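Structure record follows, encoded as structure tokens.
The values are calculated or read from the model by the stated rules, or taken from the named source; none is laboratory data. Note that this is a predicted model, so its numbers are computed, not measured. We place every Cβ from the backbone using ideal geometry, glycine too, and count neighbours over all the protein chains shown. Surface areas here come from the heavy atoms of the whole protein model, side chains and all, with no ligands, DNA or RNA. Shrake-Rupley method; radii C 1.70, N 1.55, O 1.52, S 1.80 Å.
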Amino acid sequence: MHVDLYEKVWMWAASGIVALFLATIVMTGWVQAIQPPSHMETVDPTKLGEYAEWADPKVVIGPEGSVRVSVRAEMFSFSPDPIEVPANRPVTFRVTSADVLHGFHVVGTNANAMAIPGYVSQFTVTFPRPGTYLIACNEYCGLAHADMVGRLIVKEEAP
Ligand code: CUA
């Protein structure tokens, strides 16, 4: 069968591109493993009660004014709830799950991460507007997924 030279070139080029795309998926999945993009920290999700941070997840305000919030997600709630943080200060969230994959999304802001069993997802956000925000789980996690909500209260700081 005669195949025109240019057609051959394009067939090889297209096949090469498809192979490259597949190799990219395999490499990122296999070599780098699947993990939260921001942070690489592991915990044993079956023993969260043995970690001081995860046995009693809470808001910790450091002596220099830093705000750290540890959040434990599990079917079908977040703890602590509500979460109270000051406005206009960087707040570092550390989120993990005690059971299955959950989401942690502060609705109306760009605070949005996955709560992955075995990993700690960490990100820092500043909330300029005081108020009460809804925290929604945005990964399907079971029958009561739609009811899995929490509250974030952003408080104006005392002058
Ligand atoms: Cu937790 Cu959906």
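What a 1.4 Å probe finds exposed on the chain is 63% carbon and sulfur by accessible area, rounded to a whole percent. The 1.4 Å probe gives accessible areas that order MET1, MET148, largest first, as MET1, MET148.
Among the protein heavy atoms, those of ASP44 account for about 50 Å² of accessible surface (1.4 Å probe, every chain in place). Average accessible surface for the stretch 1-102: 66 Å² per residue, computed with a 1.4 Å probe over protein heavy atoms with every protein chain in place. Think of each Lys and Arg Cβ as +1 and each Asp and Glu Cβ as -1; about the Cα centre, that makes the dipole of the stretch 25-150 roughly 360 debye.
Dipole orientation for the chain: of the candidates GLY29, HIS145, HIS105, HIS105 has the Cα lying most toward the positive pole (charges on Cβ; Lys, Arg +1; Asp, Glu -1). Using only the C-alpha atoms, the convex hull of the chain corresponds to 188 Å³ per residue. On a per residue basis, the stretch 112-159 carries 56 Å² of accessible surface, using protein heavy atoms and a 1.4 Å probe. The antiparallel fraction among DSSP beta bridges confined to the stretch 54-129 stands at about 65%. Tell me the angle of helix 5-30 to the major Cα principal axis of the chain, expressed in degrees between 0 and 90 and rounded to the nearest ten. Approximately 30 degrees, to the nearest ten.
Among all stretches of the chain without exposed GluC sites (Glu not before Pro) (DSSP loop, at most 14 other Cβ atoms within 10 Å), which one is longest? The reported range is 65-155. Look at the dipole of the stretch 29-159 built from charges on Cβ: of PHE93, VAL67, PHE127, the Cα furthest out on the positive end belongs to PHE127. Note on LYS155: lysines with a C-alpha under 29 Å away, same-chain residues under 8 apart excluded, are LYS58.
Looking at the chain, the DSSP beta bridges with both ends there are about 70 percent antiparallel. Would you mind pulling out the separation of the Cα centroids of the stretch 4-32 and the stretch 42-100, in Å? Measuring centre to centre over Cα atoms gives 43 Å. Once both labels are positioned 7 Å from their Cα atoms along Cα-to-Cβ, the gap between LYS8 and THR126 label points is 6.2 nm.
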